[in-house]
Amino acid sequence: MKTEYDNQHHKTDRDEVIHLLRSQGKALEELYRHADAVRQQFMHNEVFIRGIVEFSNVCARNCYYCGIRNGNERIKRYTMSMDEIMEVVRHFPINGQGTVVLQSGEATTAFGDKALGELIRRIKHETPVAVTVSVGNRPRDVYQYWYDCGMDRYLIRFETSDPNLYARLHPDSSLAKRLDCIKTLSDIGVQTGSGFMIGVPDETVEILANNILLCRELDLDMIGIGPFIPHPDTPLGNTPNAYASDPEMFFKALAVLRLFNPNVHIPATTAYDAVFYNTGRDLALQRGANVFMPNATPNRYRNDYLLYPGKPCVDKSNDQCGVCVIHRIQALGRILGQGPGHSQKHAAKKMA
Ligand code: SAH
């Protein structure tokens, strides 16, 4: 069967992406400068702040890379209550956070799909904060119910565009199912975000290029990417990142992603700070990113939501992170985005 990937147009783009990913020296400086200029032209100087509340680490899945996988018996499982979450979200506007990202492991039983709908309703009624949900694969009727409750956006990374590699990393799912969830969400009308990890074991530069092009093909509203970081209590704990000897690749991927997706929200994800200690996210903001996602999980739970080791700020509170992120953005000469920072693309699609 001939797919989108086989046509000549795509091959030319893929060659171009691979060429850019191999940039060195002056060409690399030029790539970063160009990515920053495209970000400036399409997304301007605002950096939107979206606080993440990691409301439960209970997970039914066994993704081979993830620290909160079901098989990891070394962590204490927790699920926050609705009131605990509301208390955190009420503080958001004070710290300039216009969106809450509600993230958890994938388990219908912990918080409950029905309760999550009620939580979305409460946040939308009681605060001015926009709601993004990131809790993995669910059936269409559940996504529809959350949308009807007021859910604005959903984050669900496809992790890798290679179906065989996906299957090797996820013993209990498939790339086809994941892509189906992404398509269902956009079809319902939710602003949809996806993305991938950079450098999962056995990833080639060709797969990385296809990851970048798949983001464009999916016509996403937000794209989050970040380096794979081996977690010692997972089956991939001893397998290094595919670009361990060339971590610059993490930024090259981000810059190329921006060139191929000019008007999309791209966060400087936390994993960049774990690899480039406390500077990674600032560099990401200068090489294509326009969104910052500080950790807003209550301090007492942060150490139990370690998807990967070296996660920054686990000893900090939401207010500390809230103030720190504002300073970081201002130090880069950027301004704080006001309001929810909805997708530009989504607004255009709705009007069409
Ligand atoms: N259960 C939700 C949220 C998953 S955690 C879902 O299925 O979408 C959020 C993201 O963390 C994942 O999509 C994955 O890309 C990233 N992640 C998990 N383990 C990681 C690791 N070891 N290194 C880097 N990123 C990781």
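The values are calculated or read from the model by the stated rules, or taken from the named source; none is laboratory data. Given the structure is predicted, the values throughout are model-derived calculations rather than measurements. Cβ: placed from backbone, ideal geometry, glycine included. Neighbour counts: every protein chain shown. Side chains are part of the model used for accessible areas, which takes the heavy atoms of the whole protein and leaves out ligands, DNA and RNA. Shrake-Rupley method; radii C 1.70, N 1.55, O 1.52, S 1.80 Å.
Per the helix-only calculation at 222 nm, which mean residue ellipticity applies to the chain, given -39500 (n - 2.57) for every DSSP H run of n ≥ 4 and division by its residues, nearest 500 deg cm²/dmol? Helix-only estimate at 222 nm: -13000 deg cm²/dmol. Cross-linked pairs K252/K311; K76/K311; K11/K177; K183/K252: Cα-Cα separations exceed 20 Å for K252/K311; K11/K177; K183/K252. Normalised per residue, the accessible area of the chain is 42 Å², obtained with a 1.4 Å probe and no contribution from ligands, DNA or RNA.
Relative contact order of segment 7-351, taken over Cα pairs closer than 8 Å and 6 or more residues apart, is 24 percent.
Considering only the Cα atoms of segment 7-351, their convex hull presents on average a projected area of 16.1 nm². No disulfide-compatible partner, judged by a Cβ distance under 4.7 Å, exists for the following cysteines of the chain: C59, C149, C181, C215, C313, C321, C324.
Protein heavy-atom surface of segment 7-351, 1.4 angstrom probe: 52% of the accessible area is carbon and sulfur, with nucleic acids and ligands not counted. A full extension of the chain between S81 and S245 corresponds to an added length of 54.8 nm, given 0.36 nm per residue minus the alpha carbon distance. In this rough spin-label picture, where each label sits 7 Å from Cα along the Cβ direction, the I188-F42 distance is 2.6 nm. Note on S245: accessible area approximately 120 square angstrom, rounded to 10, probe 1.4 Å, nucleic acids and ligands left out.
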